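The values are calculated or read from the model by the stated rules, or taken from the named source; none is laboratory data. These numbers were taken from a predicted model, which means no experiment stands behind them. Note that we place each Cβ from the backbone using ideal geometry, even for glycine, and neighbour counts take in every protein chain shown. Ligands, DNA and RNA are excluded from the accessible area calculation, which covers all protein heavy atoms including side chains. Shrake-Rupley method; radii C 1.70, N 1.55, O 1.52, S 1.80 Å.
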Amino acid sequence: ASFLLLCFRSPLVTPLIFGLLLQAPLTQLSTITQPNFVLLLADDLGIGDVGCYGNDTIRTPNIDRLAKEGVKLTQHIAAAPLCTPSRAAFLTGRYPLRSGMDAVNDYRVIFWNAGSGGLPPNETTFAKILQQQGYSTGLIGKWHQGVNCESHNDHCHHPLKHGFDYFYGMPFTLISDCQPSETPEMDRAFRRKLWLSTQMIGLITLTAVLGRLTGLVSVQWKTLTCLAGFSLLFFVSWFSSYGFVRYWNCIMMRNHGITEQPMVTDRTTSLILQESISFIERNKQKPFLLFLSFLHSHTPLLTTDKFLGRSRHGLYGDNVEEMDWMVGQVLDAIDKEGLKDTTLVYFASDHGGWLERQEGGKQLGGWNGMYKGGKAMGGWEGGIRVPGIFRWPGVLPAGTVIDEPTSLMDIYPTVVHLAGGAVPQDRVIDGRDLLPLLQGTVAHSEHEFLFHYCGIHLHAVRWHQKDTGAVWKAHYMTPIFSPPGAGACYDRGFCPCFGEGVTYHEPPLLFELSQDPSEAKPLSADTEPLFDTVIKKIGRAIEEHRRTLTPVPEQLSVSNVVWKPWLQPCCGTFPFCWCDKEGDN
């Protein structure tokens, strides 16, 4: 006893005891089994649009509060620079080309609810594993991973086939076509060509008929009839799809049933928020996963009157501030139900902001801060570096900032591990469990290399040299900006992944991101002694990575992307698809 008393009086032991007492809450809460998960994913939000990432003009107090109370990642990377492939990687923890969800052509996302491509049924999402672990799983908001395969109601790609117990939202994505007052957005350039071709064919047909009637042209009526029939058939063939985009794509669903066709955009925001809070309230007695996939801040920037004109950045800023308010409402619901300490909250964006999205001289897309490039650009940081915030009071240290390479794919193993599940062993999982890094028990991310694809084309590779802290990035292809030096592809609307719209680099462009995060000063063998060593090291990593790839069906092939009327979700008898069940209620 006297020995113990002397030990406790020791000046070395007393601070140790106090230190252990201070650490006790973290230790105790880290033993919680099966926490709740609330995953908040913004759409097209730039890393430069959020206050805690440096924006001092758009107000995001609730997202900023998450960062203050949790862990902020400054090098959080999307696996793709567009919605469909990025979200496929998020859901599966795998590079999208492993599931066939990255493009081999210029159609780089799901284009129609009535296409046959989508997240394959044999892919295992984190929701499916959590469902098997006894979780209630819900998806509210955007899906954009396909709907049907062979019939209008087989729902082979539907969220409920991928591990979600409950779904309310858009099976597609929000586009300007959903808002009758907006200029159509979907395939705009291609539509113009179709209209022009229709007008030319119609003009030729009309000229031939008038020439026949006036006797100036000797053409048989049979020939004219065939020409007129062809003109009509050509028009119907494309207008039956593109002429009704709002009815075919802009729909809302609850589970397998359509609730609005077309969607009533004036109430979309309130319904999504209401459904999210209701899901938390209904499932508070058991572990749950809520994936709130925002329609904000994608065009047409649906914003309620309460937030219009409030920001200093026009409609886009208003929309971001409204989304931040929605985040706050969800956090308040978690607090109200007493779930704050047992809920891991995560906030991110699916990729960078859309620089080229402008209308009438107004910027409708996001801002990516100091980072070059934006949405659709697979290599440049602005297209793939996104906000990444985790909060779990008592388990994750508050106010922590981590500048290590991490990926949206890391959510998969992190969530599965915390839920007590196991990641599939029959396939490659590219994500890494983030919990040790978030808790500070390890100093470095498990990612040594990250591969940055644009479609199926490898544009860049990042190497985290852990012993020195350097983050090298080699670019093998970069988009050609237009006009030159503009930082985006303003004449196209999107930067391409291949062909004449990109520059192929041999040797690759090399940057050291820890010293040059803006990728402004490419290194060379003359300016960087390690240039050849780094390029060879990355080259070997690419070879090893490619050996892990296996051929899979291309979900975004032209045949899978095109509109197929027999696959069209319809709440009536096709083609008379119209309903408003929310209005009826």
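Quick notes on this structure:
- Within the stretch 424-555: Cβ-based charge dipole about Cα centre, in debye rounded to nearest 20 (Lys, Arg +1; Asp, Glu -1): 140
- Scanning residues 5 or more positions from residue 579 or on other chains, those with amide H under 5 Å from its amide H are 261, with H placed 1.01 Å from N in the peptide plane.
- Residue-averaged [θ]222 nm for the chain, counting only DSSP H segments that reach four residues, each worth -39500 (n - 2.57): -9500 deg cm²/dmol
- Residue ranking by accessible heavy-atom surface, 1.4 Å probe, largest first, among 427, 462 comes out as 427, 462.
- Span-rule helices in the chain, defined as complete DSSP H runs reaching 27 Å or more along the axis (Cα) with Kyte mean at least 0.0: 188-214, 221-242
- The stretch 247-258 - phi-based ³J(HN,Hα) in whole Hz, Karplus 6.51/-1.76/1.60, Gly and Pro as x: 7, 7, 10, 8, 10, 10, 10, 10, 6, 8, x, 7
- Using a probe of 1.4 Å, the accessible surface attributed to residue 33 totals some 110 Å² when neighbouring protein chains are kept in position.
- Along the stretch 495-504 the Karplus relation, 6.51 cos²θ - 1.76 cosθ + 1.60 evaluated at θ = phi - 60°, assigns HN-Hα couplings of 7, x, 9, 7, x, 6, x, 10, 9, 9 Hz to successive residues, with x for each Gly and Pro.
- Å³ per residue enclosed by the Cα convex hull of the stretch 188-242: 58
- With an a/c value of 1.5 or above and a/b larger than b/c for the gyration tensor axes a ≥ b ≥ c computed over the alpha-carbon atoms, the stretch 345-438 is described as prolate.
- Largest-first principal axis extents of the Cα set of the chain (Å): 124, 68, 50
- Given +1 at the Cβ of Lys and Arg, -1 at the Cβ of Asp and Glu and no other charges, the dipole of the stretch 298-376 around its Cα centre is 360 debye to the nearest 20.
- Taking the 1.4 Å solvent-accessible surface of the stretch 188-242 as the whole, the part contributed by carbon and sulfur is 74%.
- Projecting the Cα atoms of 331, 311, 287 onto the dipole axis of the stretch 279-398, where Lys and Arg carry +1 and Asp and Glu carry -1 at the beta carbon, places 287 farthest toward the positive end.
- Descending Cα extents along the principal axes, the stretch 376-511, whole Å: 51, 35, 29
- For the chain, excluding the exposed loop sites themselves (chymotrypsin sites (Phe, Trp or Tyr not before Pro), DSSP loop, at most 15 other Cβ atoms within 10 Å), the longest remaining stretch covers 1-489.
- Charge tally in the Cβ shell below 15 Å around residue 509, where Lys, Arg are +1 and Asp, Glu are -1, residue 509 excluded: -4
- With θ taken as phi - 60° and the Karplus curve 6.51 cos²θ - 1.76 cosθ + 1.60 applied, the whole-hertz 3J(HN,Hα) list for the stretch 338-353 is x, 10, 4, 7, 10, 10, 8, 9, 10, 10, 7, 10, 6, 5, x, x Hz, x standing for glycine and proline.
- Selection among 459, 373, 400 by position relative to the dipole of the chain gives 459 as farthest towards the positive end (Cβ unit charges, Cα centre).
- Evaluated with a Cβ-only charge set (Lys, Arg +1; Asp, Glu -1), the chain carries a dipole of roughly 620 debye about its Cα centre, given to the nearest 20.
- Residues with amide H under 5 Å from that of residue 351, placed H, sequence gap 5 or more: 44, 45
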